[in-house]
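J.: Just passing along the structure, written as structure tokens.
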Amino acid sequence: MKLWILFCFIFCLTANIFAADSTKTLRISTWPAGAEIYLGNRPESFIQNAEMHSPDSISLSPNDSTVRVTFFKPGYADTTLDIHLKSQTKNFVWIELQEESDLDKLEWQEAILNKRENRRTGKLLFFAGTIPLALSGTFFGLAEWKFHQADDTRKKIDNSLIREGKHFQQLQKDFHDDKKSGRNFRTAAFVSLGISAALLGAAAVFYF
């Protein structure tokens, strides 16, 4: 039994070492640092933020021999390169980005940054719009509850044989209070729904 456990331990250790040795990594650094890194085909638009920023490391398949990367950093020329990997497991590359001097491209980069900012604003407005939307549902529920209570009290009033006294007056007061509360909650629900619609509409304008 002990020999079997020892055999399993050695097998797992050997498998882990082999797996570690068979994994390729690519360490990417740029000057200046902080450039966005897009893997694969060059993106049609840089409005979508990249998931990686230099310096960063990429885990690759042992069979990968070339990796296409695109760098984007405002103020510098966006660059697409095919990086050829060596046979060893660890690869390093350092890229010096060139400053962008074309005014049209600089304006294009500025437009991308503005669009990104608009999208961030759109997302914030969207999440802000969900709050009054949820409140409107709550207010509608409370309004229906108060109207239901008012209906129950109205039935008690209609079925009451004694049409005077403190108990009867309290029923009338409860009926009017519940009706008033129901109307107030319903108004609050419509107001919240209007605010939500305005925020969600603004979010769509900014995001798209």
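The values are calculated or read from the model by the stated rules, or taken from the named source; none is laboratory data. In this text the structure is predicted, and so the values were computed from the model without any measurement. When we count neighbours, we look across all protein chains shown, and the Cβ atoms used for this are built from the backbone with ideal geometry, even at glycine. The protein model used for the area step is the full one, side chains on, heavy atoms only, and it has no ligands, DNA or RNA in it. Shrake-Rupley method; radii C 1.70, N 1.55, O 1.52, S 1.80 Å.
J.: Looking only at the stretch 58-96, count how many residues are open to solvent by 60 Å² or more (accessible area, probe 1.4 Å) and closer than 14 Å to GLY34 by Cα.
T.: Adding up the residues that qualify gives 2.
J.: For the stretch 134-153, how many residues are within 21 Å of GLY201 (Cα to Cα) and either at pLDDT below 95 or surrounded by fewer than 17 Cβ atoms within 10 Å (Cβ to Cβ) (or both)? Spell out how you get there, then give the answer.
T.: From the stretch 134-153, those within 21 Å of GLY201 (Cα to Cα) are 134-137; that's our starting set.
Of the ones still in play, those that are also either at pLDDT below 95 or surrounded by fewer than 17 Cβ atoms within 10 Å (Cβ to Cβ) (or both) are 134, 137.
Going through the stretch 134-153 one residue at a time, the tally reaches 2.
J.: Report whether or not GLY201 is loosely packed, with under 15 Cβ neighbours inside 10 Å and part of a helix (DSSP H, G or I). Steps first, please.
T.: On the way: loosely packed, with under 15 Cβ neighbours inside 10 Å: yes; part of a helix (DSSP H, G or I): yes.
Answer is yes for this residue.
J.: Could you please let me know if HIS167 is modelled with pLDDT of 95 or more and open to solvent by 100 Å² or more (accessible area, probe 1.4 Å)? If you could, list the steps in order and put the result at the bottom.
T.: On the way: modelled with pLDDT of 95 or more: no; open to solvent by 100 Å² or more (accessible area, probe 1.4 Å): yes.
The answer is no for HIS167.
J.: Test PHE208 against the stated conditions and say whether it is modelled with pLDDT under 95 and closer than 30 Å to ILE112 by Cβ.
T.: Details: modelled with pLDDT under 95: yes; closer than 30 Å to ILE112 by Cβ: yes.
In short, yes.
J.: For the condition outside any helix (DSSP H, G or I) and over 30 Å from THR187 (Cβ atoms), what is the one hit in LEU113, LEU106, LEU161?
T.: Numbers: LEU113 fails: outside any helix (DSSP H, G or I); LEU106 fails: outside any helix (DSSP H, G or I).
Criteria check complete, one pass: LEU161.
J.: Ok, one more. State all residues of the stretch 102-155 that are among the basic types (Lys, Arg), in contact with a Ser or Thr (Cβ under 9 Å, 6 or more places away or on another chain) and within 30 Å of ASP177 (Cα to Cα); if no residue qualifies, say none.
T.: Of all residues in the stretch 102-155, those among the basic types (Lys, Arg) come to 105, 115-116, 119-120, 123, 146, 154-155.
Subset that is in contact with a Ser or Thr (Cβ under 9 Å, 6 or more places away or on another chain): 115, 146.
Answer for the stretch 102-155, where residues must be among the basic types (Lys, Arg), in contact with a Ser or Thr (Cβ under 9 Å, 6 or more places away or on another chain) and within 30 Å of ASP177 (Cα to Cα): just LYS146.
J.: Look at the stretch 39-81 and say how many of its residues are in a strand (DSSP E or B) and farther than 26 Å from LEU106 by Cβ.
T.: Going residue by residue through the stretch 39-81, those that are in a strand (DSSP E or B) are 39, 52-53, 56-60, 66-72, 76, 79-81.
Imposing the further condition that a residue be farther than 26 Å from LEU106 by Cβ reduces the set to 57-60, 66-67.
Number of matching residues: 6.
J.: Something else: From the residues in the stretch 1-27 that are open to solvent by less than 50 Å² (accessible area, probe 1.4 Å) and not in a helix (DSSP H, G or I), which one is modelled with the highest pLDDT?
T.: Among those that are open to solvent by less than 50 Å² (accessible area, probe 1.4 Å) and not in a helix (DSSP H, G or I), it is LEU26.
J.: Still on this model: Would you confirm, using the coordinates I've provided, whether THR30 is β-branched (Val, Ile, Thr) and either at pLDDT below 90 or part of a loop (DSSP other than H, G, I, E, B) (or both)?
T.: Values: β-branched (Val, Ile, Thr): yes; either at pLDDT below 90 or part of a loop (DSSP other than H, G, I, E, B) (or both): no.
So THR30 fails the test.
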